Amino acid sequence: MRYAIISDVHSNLEALNAVLAEIDSLAPDVIVCLGDIVGYNSNPNECIAILRGRAIPSVMGNHDDRAAGLDEPDDFNPLAEKALLWTREQLTPENKAYIEALPRSAIIDNAFLAMHGWVNDTDSYLNGTDDAAVNFSLMHELSVGINIAFFGHTHVPVVYVECGETVFAIHEDTVELEKGCSYLINPGSVGQPRNHDPHASFVIYDTEAGVITFHKVDYDIAATALKILEAGLPERLAERLRFGV
Ligand code: ZN
């Protein structure tokens, strides 16, 4: 099986369309989303409609949780909070119900775990090898035989590896998986990259070859930025897209 894994779309329609066009050209078997479909950018309903229309399974992100009203955004920074409150006003009742019903995590085809933040928490950031070590333990407790998880939330592409007692990070575009090791993989963000590279990002996981490949996609950042301003969302949310921060 070949899976395309996307994350943190954040209502960026231009980036989502560009990523899906690239994914379609690669013809994977299944597309999976790691949450934060909405927040920050200006097309929440359109992005949800695309995921629903293509029946792309998704887990819930922290912005989806707040947009659905399951929690308040009072722990968000002011820019994220402003965009979140705007998003709530935009969502159709149907789309709100859709994100409200997203699972916190999902085991896909008994092949890998999909989650947003940590194995056991939507809101925690998985940053660095110490966090990775804790999440490897949680993953092993969760399900026997699952040794690969994909996560989002940080908007930074990375692969963490656990081989025996050692946990380390890999930052390469192609990663060959070794038998007996475990992996935590962040595909980066579709709609708001923060790795100082403004390209939209996703991964392909080829289970037969045992290979992860990272893909970078150009999209019309100027169009997304203009729509953010036209929607009355904070200017900084438009600017940051040009720099990938
Ligand atoms: Zn996010």
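The values are calculated or read from the model by the stated rules, or taken from the named source; none is laboratory data. Predicted model, so just to flag it, every value in this text is computed and none were measured. Ideal geometry is used to build each Cβ from the backbone, glycine not excepted, and the neighbour counts take in all protein chains shown. For the accessible areas, the whole protein counts, side chains as well, though only heavy atoms, and no ligand, DNA or RNA atoms are used. Shrake-Rupley method; radii C 1.70, N 1.55, O 1.52, S 1.80 Å.
Taking the range 40-58 as the range and being within 16 Å of the ligand (Cβ to nearest atom) and small (Gly, Ala, Ser) as the test, the residues that pass are Ser42, Ser58.
Given the criteria away from the ligand (no atom under 15 Å from the Cβ) and in contact (Cβ under 8 Å) with a residue 24 or more places away in the chain, does Ile37 qualify? Here the answer is no, as Ile37 does not meet what is asked.
Away from the ligand (no atom under 16 Å from the Cβ) and farther than 21 Å from Ser7 by Cβ: does that describe Pro103?
The answer is no for Pro103.
When the residues of the range 20-32 are filtered to those that are without any contact (Cβ under 8 Å) to a residue 60 or more places away in the chain and under 29 Å from Gly69 (Cα atoms), the one that is nearest to the chain's Cα centre (by Cα) is Ile31. Within the range 59-67, none of the residues are more than 14 Å from the ligand (Cβ to nearest atom) and modelled with pLDDT of 95 or more. Here Leu233 meets each of (1) away from the ligand (no atom under 16 Å from the Cβ); (2) more than 16 Å from the chain's Cα centre (by Cα); (3) in contact (Cβ under 8 Å) with a residue 24 or more places away in the chain with one exception, condition (1). Among residues of the range 109-129 being more than 16 Å from the ligand (Cβ to nearest atom) and of a type in the set (S, T, N, Q), the one that is nearest to Arg2 (Cα to Cα) is Asn110. When each of Ala222, Ala132, Ala169 is tested for being without any contact (Cβ under 8 Å) to a residue 60 or more places away in the chain, away from the ligand (no atom under 16 Å from the Cβ), assigned to a strand (DSSP E or B) and closer than 22 Å to Asp8 by Cβ, the lone residue that passes is Ala169. Is it true that Ile212 is open to solvent by less than 30 Å² (accessible area, probe 1.4 Å) and closer than 22 Å to Asn135 by Cβ? Here the answer is yes, as Ile212 does meet what is asked.
Among the residues of the range 208-228, those that are more than 20 Å from the chain's Cα centre (by Cα) and more than 19 Å from Leu16 (Cα to Cα) comprise Glu208, Ala209, Gly210.
Does any residue of the range 74-82 turn out to be open to solvent by less than 30 Å² (accessible area, probe 1.4 Å) and touching a strand residue (DSSP E or B) at 6+ places or on another chain (Cβ under 8 Å)? The answer is no, given that none of the residues of the range 74-82 is open to solvent by less than 30 Å² (accessible area, probe 1.4 Å) and touching a strand residue (DSSP E or B) at 6+ places or on another chain (Cβ under 8 Å).
Counting just the residues of the range 135-166 that are aromatic (Phe, Trp, Tyr) and either open to solvent by 10 Å² or more (accessible area, probe 1.4 Å) or not in a loop (DSSP other than H, G, I, E, B) (or both), which one comes out nearest to the ligand (Cβ to nearest atom)?
It comes out as Phe150.
Looking at the range 187-206, which of the residues that are in a strand (DSSP E or B) and aliphatic (A, V, I, L, M) is nearest to Leu13 (Cα to Cα)? Among those that are in a strand (DSSP E or B) and aliphatic (A, V, I, L, M), it is Ala200.
Being in contact with a Ser or Thr (Cβ under 9 Å, 6 or more places away or on another chain) and either free of Cβ contacts under 8 Å to residues at least 12 places away in the same chain or not hydrophobic (A, V, I, L, M, F, W, C) (or both) is the filter here, so list the residues in the range 108-128 that pass it. If the condition is that a residue be in contact with a Ser or Thr (Cβ under 9 Å, 6 or more places away or on another chain) and either free of Cβ contacts under 8 Å to residues at least 12 places away in the same chain or not hydrophobic (A, V, I, L, M, F, W, C) (or both), then Asp109, Asn110, His116, Gly117, Asn120, Thr122, Tyr125, Asn127 are the ones that fit.
When the range 1-18 is limited to residues that are farther than 12 Å from Leu51 by Cβ, buried (at least 24 other Cβ atoms within 10 Å of the Cβ) and hydrophobic (A, V, I, L, M, F, W, C), the one that is farthest from the ligand (Cβ to nearest atom) turns out to be Ala4.
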